[in-house]
Amino acid sequence: MRVTVKQIAELLGGQVIGDETTAITGVSSLTEASPGDISFLANPKYAPYLAETKASAVLVAAAQPGGQLVQVVVANPDQAFARLVDTYGPQVAKMPPGVHPTAVIGENVRLGRDVTIAPYVVLADGAVVGDRSVIYPHVYLGADSRVGNDCVIYPHVSIRERCTLGDRVIIHSGTVIGSDGFGYATVEGIHHKIQQVGQVVIEDDVEIGACTTIDRARFDKTRIGKGTKIDNLVQIAHNVQTGSHCLIVAQVGIAGSTKLGNHVTLGGQAAINGHIVIGDQAIVTAMAGVSKSVPPKTVVRGYPAQEIKVAQAQEVAVRRLPKTQQTVRQLEARIADLEARITELAKAKP
Amino acid sequence: MRVTVKQIAELLGGQVIGDETTAITGVSSLTEASPGDISFLANPKYAPYLAETKASAVLVAAAQPGGQLVQVVVANPDQAFARLVDTYGPQVAKMPPGVHPTAVIGENVRLGRDVTIAPYVVLADGAVVGDRSVIYPHVYLGADSRVGNDCVIYPHVSIRERCTLGDRVIIHSGTVIGSDGFGYATVEGIHHKIQQVGQVVIEDDVEIGACTTIDRARFDKTRIGKGTKIDNLVQIAHNVQTGSHCLIVAQVGIAGSTKLGNHVTLGGQAAINGHIVIGDQAIVTAMAGVSKSVPPKTVVRGYPAQEIKVAQAQEVAVRRLPKTQQTVRQLEARIADLEARITELAKAKP
Amino acid sequence: MRVTVKQIAELLGGQVIGDETTAITGVSSLTEASPGDISFLANPKYAPYLAETKASAVLVAAAQPGGQLVQVVVANPDQAFARLVDTYGPQVAKMPPGVHPTAVIGENVRLGRDVTIAPYVVLADGAVVGDRSVIYPHVYLGADSRVGNDCVIYPHVSIRERCTLGDRVIIHSGTVIGSDGFGYATVEGIHHKIQQVGQVVIEDDVEIGACTTIDRARFDKTRIGKGTKIDNLVQIAHNVQTGSHCLIVAQVGIAGSTKLGNHVTLGGQAAINGHIVIGDQAIVTAMAGVSKSVPPKTVVRGYPAQEIKVAQAQEVAVRRLPKTQQTVRQLEARIADLEARITELAKAKP
């Protein structure tokens, strides 16, 4: 990027304090900025960084004292900065469009309009890629799998046979959709594989992070609901169903056949037992271990997870516990003393 | 699939209630079924779903009241359904056999009979693939690595140099076998790499999930015992040895040089310390953190893990703790009161 | 390898007890050794294995009684063995140098001297690979990404656009550098993607394990400091900054914008909250959940993490808790008894 502070102020409808001809060549936070960068101050607790920043200009909600930093006063510096980044900042990289000659394309594959099929992509027989979708290098789409319109599939993603993605789905590198569920029939200590012949269905507007694994159902569908966002290194077992617009943070594990409602949030590293239901708008805090179903709109925490107020009261109680145990020892001594005294008194009774 | 209920009843030795000419085109659970599907009722708690299911037919253990659903009465609906799925359901996808012309095959590579080597597979010098094994696209087999007979290696698996797999091993997408162990000699705060020149040995009939990592030994062998099944996103550090027929659920981590006996079960997200021994048939519950060796046939739970009854008694005790602390405060007051009264009484003593 | 015990003793400056012409063909631990192997005894607790080992020779710090095992007495068997392995043991596999004809190389890619670009590598436009760096098969380097000198990038690594690696960086298979951070603006329950247009900067001498994910910053830089070593399956969120020479063990998760000082150690499966600071030389023990900033040189443990002595005192207290609650019940009975007796006495008072 190469723009002037004036151009930025015009874009954002802001007032410039200082030299509006200052050239801006990058965007950054206050602490990471280099000369030529523009930054922003949204949270007043970062105001001290204004004196030290190497940025050339800063978006602020109100004029800040001192300094030679050029200021642009805007109503909401955080939102204004996001708009600035969208307009002038580094753009999301685009693969060149078209089908690369090295792509291996099976029989009966259907490609939509304006697709990008990058080098070394393998599309097995019957795979479908919708209009304008971008398939990065080394992606594998299994037989009869289907990617909708306007999807982005990053390098090294495996989408196994018969799994389907809706429109505007984004899947980051290394993620695996449709690996076999972990199912065995154990007879006399030997684990015999139960074939996993179901599918995974990813609905519209889902985004899935890197190195996440979503297993295919035993014979039905593992389903990720519309608009749900899943972070990196998440494990979703066979036959799990998530509702719409859930947030599943990194390293969460969800065991088989569990069902999430809509707008559920699972914090990082939380583990959810199999065959339970997490109600609409429930929140599971980071690292919680949920063994039983959770009612809607409930926040749970800890292991085994309990309603958050109950869990926190127990955490406070445990922190006090060494002191409590000391008190109990003192009470024992005081009671022993009382017992001795009362026995003495009783003897002395006329 | 396209069969009649009559054909299904004949396959399973069942009795049809309703129209045996009904056409069946798919298999599904009661709740996920579409018209044309056959489903099953194994657990009586799901009987209410019979009224709502869109399935066209259902396997049952005994005739169910009402409804126009075609029923097939069989001895064991769960097992019968599995057999039906195996016979008529979607089949596990097969790669077309043969060596794809894009496969890069190093010097002294040996390929068994009837192997499948898919597009863009790279077999480094000296790699061996046994009879009938299937190597999916983009797999990398390092120098002198060896895959046995009847194995299936899914896309994007890396098997590093000199690692070996037995027969009938299945490895799911994105898994890494033989990455370097995490070993450093730290001198004055600087971590110097200790070369990891050992191997990984995977014995017969092992299945390993997606995005799991198994590090090579420092100079010996990391070993996964015969028939052991490992889920997704599991970390197995250098020099770990598992026994035969273990079950290791998703997101477990096992630190270096730890040894599992035979038939050990590790629940999801459990973490096992390094240099310890988990005895035969021991069970570590989900999310447990095991710091010390576990005797055979023992179930452990919690962090730090303890024998399950002990751990559960402490969990119950913690849930009661806020109440206990309230009781202790009341006891303090009652004792103070007793102390005052007894002092009063003693004074009053003639 | 094929050397005599005599040659080994000369290399290590050791004294041979037994037949110095014994041929040695491999290196191994005492318990895993086969005939022809040399092993070592560093920790006296393993001395009993000397009687059972199948090794042909062993490095020892002092002559051991009995047995026909050839012994080589050296000052420090552990270090001597490491030197022996480096000299005669299996060597780290090397890819043949040069640029493989199947590599897809974009416009304006710059390759240093003596690079290895393996089959099916994809280097997007503007990517840079420094001198002597080795890029294994199926690696993807995004547009304008940069790999320094003497790096090793193992198979199936994705390095997304504009991310940069210093010199002597090692990245193991399946790892993803520069996937999008997990950032959404939620409006009326719908999660709108916030574009992640920043970078990841990996400094010199960093090693990163397999299937680890490091997200690009929102618009700045996610940074991994010089000499830091990261294990497998670790999640590092957007805008995280680590200092120099940190150790981050497998399956750790670090939430967004958190900052680690220098020489920080994070134990396996630990989870670190976002927007906090972990001070220089602090240690977070395995499985700890850190919600608040940690001062330098502090060891924390548990969930929520506390200073280790405090955490351990609470763990001890919880283990005693069932007994404490029993004591409290007994005290209640004794107090009730005292209250009755004192009331009795008071009534009896003349």
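The values are calculated or read from the model by the stated rules, or taken from the named source; none is laboratory data. Model, not experiment: these values are computed from the prediction. Don't worry about glycine lacking a Cβ; one is built from the backbone with ideal geometry, like all the others, and counts go over all protein chains shown.
For the list (1) surrounded by 16 or more Cβ atoms within 10 Å (Cβ to Cβ); (2) in a helix (DSSP H, G or I); (3) facing chain B (nearest Cβ under 10 Å), I need the number of the one condition that C:Arg329 fails.
(1)
Those residues that are surrounded by fewer than 18 Cβ atoms within 10 Å (Cβ to Cβ), more than 9 Å from every other protein chain (Cβ to nearest Cβ) and within 30 Å of A:Val277 (Cβ to Cβ), I need them from segment A:302-326; list them, please.
A:Glu307, A:Ile308, A:Lys309, A:Gln312
Condition first: buried (at least 24 other Cβ atoms within 10 Å of the Cβ) and within 11 Å of chain C (Cβ to nearest Cβ). Now tell me which residues in segment A:141-169 satisfy that.
A:Tyr154, A:Pro155, A:His156, A:Val157, A:Ser158
Whether any residue in segment A:274-286 is surrounded by fewer than 19 Cβ atoms within 10 Å (Cβ to Cβ), farther than 30 Å from B:Leu338 by Cα, of a type in the set (Val, Ile, Thr) and more than 13 Å from chain C (Cβ to nearest Cβ) is what I want to check.
yes
If I ask for residues that are over 21 Å from A:Phe81 (Cα atoms) and more than 12 Å from chain B (Cβ to nearest Cβ), which ones from segment C:205-224 would you list?
C:Ile214, C:Arg223, C:Ile224
Touching a Pro at 6+ places or on another chain (Cβ under 8 Å) and within 25 Å of A:Gln199 (Cα to Cα): does that describe B:Ala57?
Judged against the criteria, B:Ala57 is not a match.
Go through (1) out of contact with any strand residue (DSSP E or B) (no Cβ under 7 Å at 6 or more places or on another chain); (2) modelled with pLDDT under 90; (3) under 18 Å from A:Val5 (Cβ atoms); (4) not polar (S, T, N, Q) for A:Ala42 and report which single condition fails.
In the conditions (1) out of contact with any strand residue (DSSP E or B) (no Cβ under 7 Å at 6 or more places or on another chain); (2) modelled with pLDDT under 90; (3) under 18 Å from A:Val5 (Cβ atoms); (4) not polar (S, T, N, Q), A:Ala42 misses (3) alone.
Counting just the residues of segment A:74-87 that are more than 10 Å from every other protein chain (Cβ to nearest Cβ) and touching a Leu at 6+ places or on another chain (Cβ under 8 Å), which one comes out surrounded by the fewest Cβ atoms within 10 Å (Cβ to Cβ)?
Filtering first and then ranking leaves A:Thr87.
Determine which member of the set B:Ala103, B:Ala55 is within 13 Å of chain A (Cβ to nearest Cβ), buried (at least 19 other Cβ atoms within 10 Å of the Cβ) and farther than 30 Å from A:Thr186 by Cα.
Selected residue: B:Ala103, the only one of B:Ala103, B:Ala55 that is within 13 Å of chain A (Cβ to nearest Cβ), buried (at least 19 other Cβ atoms within 10 Å of the Cβ) and farther than 30 Å from A:Thr186 by Cα.
Yes or no: segment C:294-301 includes at least one residue that is modelled with pLDDT of 95 or more, more than 10 Å from every other protein chain (Cβ to nearest Cβ), more than 20 Å from A:Ala288 (Cα to Cα) and surrounded by 20 or more Cβ atoms within 10 Å (Cβ to Cβ).
yes
Which members of segment C:233-244 meet the condition of being part of a loop (DSSP other than H, G, I, E, B) and either buried (at least 24 other Cβ atoms within 10 Å of the Cβ) or at pLDDT below 95 (or both)?
Hits for segment C:233-244 are C:Leu233, C:Val234, C:Ala237, C:His238, C:Asn239, C:Val240, C:Thr242.
Just checking, does segment C:245-268 include any residue being surrounded by 18 or more Cβ atoms within 10 Å (Cβ to Cβ), touching a residue at least 40 places away in the same chain (Cβ under 8 Å) and either at the interface with another protein chain (Cβ under 8 Å from one of its Cβ atoms) or within 16 Å of the chain's Cα centre (by Cα) (or both)?
Within segment C:245-268, one or more residues are surrounded by 18 or more Cβ atoms within 10 Å (Cβ to Cβ), touching a residue at least 40 places away in the same chain (Cβ under 8 Å) and either at the interface with another protein chain (Cβ under 8 Å from one of its Cβ atoms) or within 16 Å of the chain's Cα centre (by Cα) (or both).
Filter segment B:128-140 down to the residues that are away from chain A (no Cβ under 14 Å), of a type in the set (A, V, I, L, M, F, W, C) and surrounded by fewer than 24 Cβ atoms within 10 Å (Cβ to Cβ) and list them by number.
Selection gives B:Val128 alone.
Pick from segment A:170-186 the residues that are away from chain C (no Cβ under 14 Å) and small (Gly, Ala, Ser): which of them is nearest to A:Ile214 (Cα to Cα)?
Here the answer is A:Gly178.
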